[in-house]
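Rule-based calculations on the coordinates, nothing more; no lab input. Please read these numbers as outputs of a predicted model, since none were measured by experiment. Positions of Cβ are generated from backbone atoms using ideal geometry, with glycine treated the same way; all protein chains shown enter the neighbour counts.
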Amino acid sequence: MPTFFIDAGSVQLESILREPASEPRGAVVVCHPHPVHGGTMDNRVVYRAAKAAARQGYAALRFNFRGAGKSTGQFDQGMGEREDATAALRWIEERYPGLNLIMVGYSFGAWVGLDVGNTAPSVKALIGVGIPLNMYDMGYLAASEKPALYIVGSNDEFCSRENLDRFESRLPVVSSVHRIEGSDHFFNGYIDVVEKLISDFFRWL
């Protein structure tokens, strides 16, 4: 799949679009993990999330945050990255007008992307993978009325059981948490499980 660039104001975002075999029934934006620590749109969790979406009939957009891959600009502590996610969402809204949109994020990408997706009227559901509750406050999701799936390993280094329990207890009934027993933050040995959970969620929507 060829890459292209999305205009995000002062920066250009390297992107890849994966379309389903038939007419899309929705579209997805997938946000990658922390760029300072090597996160890009080629991360295997991000890749598998896009693959699962396309299998269920959704067009899936992956992109590199500013300063990652061939995207221009520099890391901006999550502020500029929110602008990036907003630009990616705007691009996919224009390409697929009227279709339901889903925001997906992994790790740092969940913190940034779900914040953007939660407030965007066009986004109908959220998926957070490896939500880094030890690092960032994601309490805003407790008030979200959008269906959401959160996937976390039981041994996640960036999301303690206590923080996840506290987070889950505050979620609305339209949201669910799936804990993968034995998995770490990177889902080593469990990537197929992650892909299936995401695929099943898209099938349910």
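Numerical summary
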| read-out | value |
| --- | --- |
| Charged-residue dipole, Cβ positions (Lys, Arg, Asp, Glu), the chain about Cα centre, Debye nearest 20 | 480 |
| Total charge dipole magnitude, the range 25-114, about the Cα centre, Cβ charges on Lys, Arg, Asp, Glu only, Debye to nearest 20 | 420 |
| Contour excess over end-to-end distance, with Cα ends at ASP76 and SER22 and 0.36 nm allotted per residue | 15.7 nm |
| log₁₀ of I(q)/I(0) at q = 0.18 Å⁻¹ - the chain, Debye sum with one point per alpha carbon | -1.26 |
| Distance-filtered residues of the range 128-145 - backbone nitrogen under 11 Å, label point 7 angstrom along SER160 Cα→Cβ | 134-135 |
| Cβ-based charge dipole, the chain, positive-most Cα from LEU149, GLY38, TYR96 | TYR96 |
| The range 1-64: equivalent-ellipsoid semi-axes (sqrt of 5 x gyration tensor eigenvalues, Cα, Å) | 21, 14, 8 |
| Label-to-label distance, nm, for residues given as VAL36 and SER10 (7 Å Cα→Cβ offset) | 1.8 |
| Angstrom value of the Kirkwood radius, inverse mean 1/r, which spans all Cα pairs in the range 86-205 | 14.5 |
| Loop trypsin sites (Lys or Arg not before Pro), the range 1-103 (other Cβ atoms within 10 Å of the site Cβ: 14 or fewer; DSSP) | LYS70 |
| Over the range 89-158, volume per residue of the alpha carbon convex hull, in Å³ | 81 |
| Helix-only mean residue ellipticity at 222 nm for the chain, each DSSP H run of n ≥ 4 adding -39500 (n - 2.57), per residue, nearest 500 | -10000 deg cm²/dmol |
| The chain, relative contact order [Cα under 8 Å, separation at least 6], % | 19 |
